[in-house]
Amino acid sequence: MKAIKKFFRYDNIGLLFALPAFLYMLIFVGYPIASNLVLSFQNVTVKNLVNGEKLFVGLQNYIELLQDSVFKRSFINTLVFTVACLVFQFLIGFALAVFFNKKFRIAKPVRGLLMMPWMIPITVTALIFKFIFATDVGILNYFLKSMSLIKENIEWLTTPSTAMVALVCANVWIGIPFNMILISTGLTTIPQELYESAQVDGVTKVQSFWRITIPMLRPTIESVLILGFIYTFKVYDLVYVMTGGGPVNTTHMLSTYSYKLSFEMFKYSKGSAVANILLVVLLIVGSFYLKITMKGEEN
Amino acid sequence: MGEGKPLSKKKNILFCVISIVLLVILLFPLFWILVTSLKTEQEIFQNPPTLFPHILNLASYAAQIETGDFNMFRSFANSLVISTGATLIAVVLAVPASYAIAKYHFKGRNAMLLGFLVTQMLPVSVLLTPMFIMMKNLGLYNTWGAAILADATIGIPFSVLILKNYFSSIPKELEEAAYIDGCNRFTAFLRILIPIAKPGVVVCAIFSFLYAWGDLAYGMTFIIDQKKRPMTAGIFNFMGQYGTKWSYLTAFAVVSIIPVALIFIFMQKYIVSGMTSGAVKG
């Protein structure tokens, strides 16, 4: 009893405050991660999911995935989708951040309103873009036609390559506010004197952008891109609702393919294996972010 | 970036005009579903499309109350219960945990912090099947409880990481003064620190709510009964069944945005602060 009291006298009393949240996460997140790993080495289907014998099959699920063309396609799709989204949402977000950093009268309220796309449920965003990209009733086809850019309506969501374009557009729309607001915050931390003394030295605006703004923003840019990668690479709802991985499995991402294997084909173990591969990629990229964050933590 | 320098009057007007144009372009999708939800099905398919409804049609909203299986106001209520439950769990657990991480260097603190950071990165696919089995074993499958417990796991790590910063910024002297006045660590936490960190608590509550409100995967996988499902799952189902009934679909979408819009209108400053202090959507 005395030992326990002594243990909690100083800093360790913090454990009592932190433990409930930690235990909750251990039960509802930690345990599932471990359990998902085990699952991927077994042969669990709908028959033996809750009860019944589960056989260990070693790496069989992973080996089968390597020969699975849909898996390969999903992996490539996820990469292409992520890179395309990152490029556009970062560039547009950056441009908007610089623009709204100017001190004009309505800058702040308008920038605030631009947050909206980021907040609405992704299912709804998917629905909105499905409507905009619809073949006959979609406003996009009407617009392109009236500008004489196309003659016939494009079947955006039922053609593999254009379906990808539609998915990227929708996701960039969600990602722009996030990029914009983080870069805006980064911009405000750059001391104004730097620009002023550069101006005195006869440095042009373009030069000071490349020599002051970009280098000073580097930490912000790094974390925006890493976080952007993580949150784009695990995209799920948007693709599941907009295309469901179709037409004929051509727009599956790792997350939607994993879901399809587990909850539509009831190959739970194989679905788990796909999810684990997705997790490994995220952890590799995420480790850079963790390194930056934990380093800041120790100081 | 020209910051701090006042703009000339001409430039000021020019920038205001440009910003309005940007706003119109970027928020057009939201405007478009709102007007579509107010049109008749016939007018939606009209060519050329109309920018505003010629005949104001509220039937798409009214119809949802009657049609049994896809009553959007019932799924709205379901979402409300699920999101509120998840928010309560997240806030109640995250507030003390973030305080501990901010103020005490206890054993395992850094490991715990790392744990919260990592859980923010997890894809939902990794957790779905094991959670599905777990909810079945707990007897929670096909109940609100399953979605509440699962949704709270998104809010907790986010809230801990945000609130940690709020608690660290509170000077130690304040706490020490409370001890002199006879508070112990628990009463000081409850009476002095939580009230000071209140804005942070509000940010956490808002984001935990929004995460839960936007969730599709958990609500759809753990609840199969349409009558208990949240709105997002309702919309998804509806799309599968009435894929081209855009008047109904857009009405459904507009209703599900209402709480988000309300939060947005009344609590905008909290949202920006939440996003800039490391908020990331899962």
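The values are calculated or read from the model by the stated rules, or taken from the named source; none is laboratory data. Bear in mind that the values here come from a model prediction, so they are computed numbers and not experimental data. FYI the Cβ positions are ideal-geometry reconstructions off the backbone, even for glycines, and counts take in every protein chain you see.
No other residue among B:116, B:76 is in contact with a Leu (Cβ under 8 Å, 6 or more places away or on another chain), surrounded by 17 or more Cβ atoms within 10 Å (Cβ to Cβ) and at pLDDT 90 or above apart from B:116. Residues in the range A:243-299 that are on the phi > 0 side of the Ramachandran plot and not β-branched (Val, Ile, Thr): 4 in all.
Total residues in the range A:90-116 satisfying the condition of being facing chain B (nearest Cβ under 7 Å), within 28 Å of residue B:215 (Cα to Cα) and of a type outside the set (Val, Ile, Thr): the figure is 5. Among the residues making up the range B:144-189, those that are among the aromatic types (Phe, Trp, Tyr) and under 17 Å from residue B:104 (Cα atoms) are B:166, B:167, B:179, B:186, B:189. Among the residues of the range B:84-120, those that are in contact (Cβ under 8 Å) with a residue 24 or more places away in the chain and among the β-branched types (Val, Ile, Thr) comprise B:84, B:87, B:89, B:91, B:95, B:101, B:119. Just so you know, in the range A:135-170 the residues that are within 10 Å of another protein chain (Cβ to nearest Cβ) and surrounded by 20 or more Cβ atoms within 10 Å (Cβ to Cβ) include one that is farthest from residue A:231 (Cα to Cα), and it is A:138. Candidates in the range A:171-186 are the residues that are crowded, with 24+ Cβ neighbours inside 10 Å and among the polar types (S, T, N, Q); of these, the one that is modelled with the lowest pLDDT is A:179.
Of the residues making up the range B:248-271, one or more are small (Gly, Ala, Ser), under 15 Å from the mean Cα position of the chain (by Cα), part of a helix (DSSP H, G or I) and surrounded by fewer than 20 Cβ atoms within 10 Å (Cβ to Cβ). Residues satisfying the criterion are present in the range A:197-217 (criterion: surrounded by 16 or more Cβ atoms within 10 Å (Cβ to Cβ), touching a helix residue (DSSP H, G or I) at 6+ places or on another chain (Cβ under 7 Å), modelled with pLDDT of 90 or more and within 19 Å of residue A:87 (Cβ to Cβ)). Residue count for the range A:1-56 satisfying the condition of being in contact with a strand residue (DSSP E or B) (Cβ under 8 Å, 6 or more places away or on another chain) and among the β-branched types (Val, Ile, Thr): 0.
Of the residues making up the range B:35-63, those that are among the aromatic types (Phe, Trp, Tyr) and not in a helix (DSSP H, G or I) are B:45, B:52.
The set of residues from the range B:66-105 being assigned to a helix (DSSP H, G or I), more than 25 Å from the chain's Cα centre (by Cα) and under 30 Å from residue B:247 (Cβ atoms) comprises just one member, B:66.
Can you name the residue in the range A:101-120 that is free of Cβ contacts under 8 Å to residues at least 24 places away in the same chain and part of a loop (DSSP other than H, G, I, E, B) and, of all such residues, is surrounded by the fewest Cβ atoms within 10 Å (Cβ to Cβ)? Only one residue tops the list, namely A:105. When A:43, A:36 are checked against the criterion of being closer than 30 Å to residue B:90 by Cβ and not hydrophobic (A, V, I, L, M, F, W, C), A:36 stands alone in meeting it. Whether a residue is closer than 16 Å to residue B:218 by Cβ and buried (at least 19 other Cβ atoms within 10 Å of the Cβ) was assessed, and residue B:98 does not pass this test.
Residues are listed down the side, and each one gets a yes or a no for (1) in the same structural domain as residue B:79 (by TED's automatic domain parsing); (2) touching a residue at least 12 places away in the same chain (Cβ under 8 Å); (3) among the small types (Gly, Ala, Ser):
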{"site": "B:184", "(1), (2), (3)": "yes, no, no"}
{"site": "B:193", "(1), (2), (3)": "yes, yes, no"}
{"site": "B:204", "(1), (2), (3)": "yes, yes, no"}
{"site": "B:228", "(1), (2), (3)": "yes, yes, no"}
{"site": "B:232", "(1), (2), (3)": "yes, yes, no"}
{"site": "B:243", "(1), (2), (3)": "yes, no, yes"}
{"site": "B:257", "(1), (2), (3)": "yes, yes, no"}
{"site": "B:261", "(1), (2), (3)": "yes, no, yes"}
{"site": "B:272", "(1), (2), (3)": "yes, no, no"}
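Of the candidates B:141, B:166, the single residue that is of a type in the set (Phe, Trp, Tyr), in the same structural domain as residue B:270 (by TED's automatic domain parsing) and under 29 Å from residue A:230 (Cβ atoms) is B:166.
The set of residues from the range B:23-34 being within 7 Å of chain A (Cβ to nearest Cβ) and either in contact with a Lys or Arg (Cβ under 8 Å, 6 or more places away or on another chain) or free of Cβ contacts under 8 Å to residues at least 40 places away in the same chain (or both) comprises B:23, B:26, B:27, B:29, B:32.
Determine whether the range B:209-222 contains at least one residue that is in the same structural domain as residue B:105 (by TED's automatic domain parsing), outside any helix (DSSP H, G or I) and out of contact with any Asp or Glu (no Cβ under 8 Å at 6 or more places or on another chain). No, there is no match, as no residue in the range B:209-222 is in the same structural domain as residue B:105 (by TED's automatic domain parsing), outside any helix (DSSP H, G or I) and out of contact with any Asp or Glu (no Cβ under 8 Å at 6 or more places or on another chain). Apart from one condition, residue B:130 fits all of (1) at the interface with another protein chain (Cβ under 7 Å from one of its Cβ atoms); (2) surrounded by fewer than 22 Cβ atoms within 10 Å (Cβ to Cβ); the exception is (2).
Remark: residue A:165 matches the filter, which requires a residue to be of a type in the set (A, V, I, L, M, F, W, C) and under 24 Å from residue A:76 (Cβ atoms). Could you please let me know if residue B:168 is crowded, with 20+ Cβ neighbours inside 10 Å and either among the aliphatic types (A, V, I, L, M) or within 14 Å of chain A (Cβ to nearest Cβ) (or both)? No. In the range A:187-196, what residues are crowded, with 16+ Cβ neighbours inside 10 Å and either charged (D, E, K, R) or closer than 30 Å to residue B:268 by Cα (or both)? Answer for the range A:187-196, where residues must be crowded, with 16+ Cβ neighbours inside 10 Å and either charged (D, E, K, R) or closer than 30 Å to residue B:268 by Cα (or both): A:187, A:190. Only one entry of A:256, A:251, A:213 meets the criterion of being within 16 Å of the chain's Cα centre (by Cα), β-branched (Val, Ile, Thr) and either facing chain B (nearest Cβ under 8 Å) or closer than 30 Å to residue B:223 by Cβ (or both), and that entry is A:256.
Remark: pairs (first residue in the range B:133-150, more than 19 Å from residue B:211 (Cβ to Cβ); second residue of a type outside the set (Ser, Thr, Tyr) and surrounded by fewer than 16 Cβ atoms within 10 Å (Cβ to Cβ); Cβ separation under 7 Å; 6+ apart in sequence or on different chains) = B:133/A:50; B:136/A:50; B:142/B:224; B:142/B:225.
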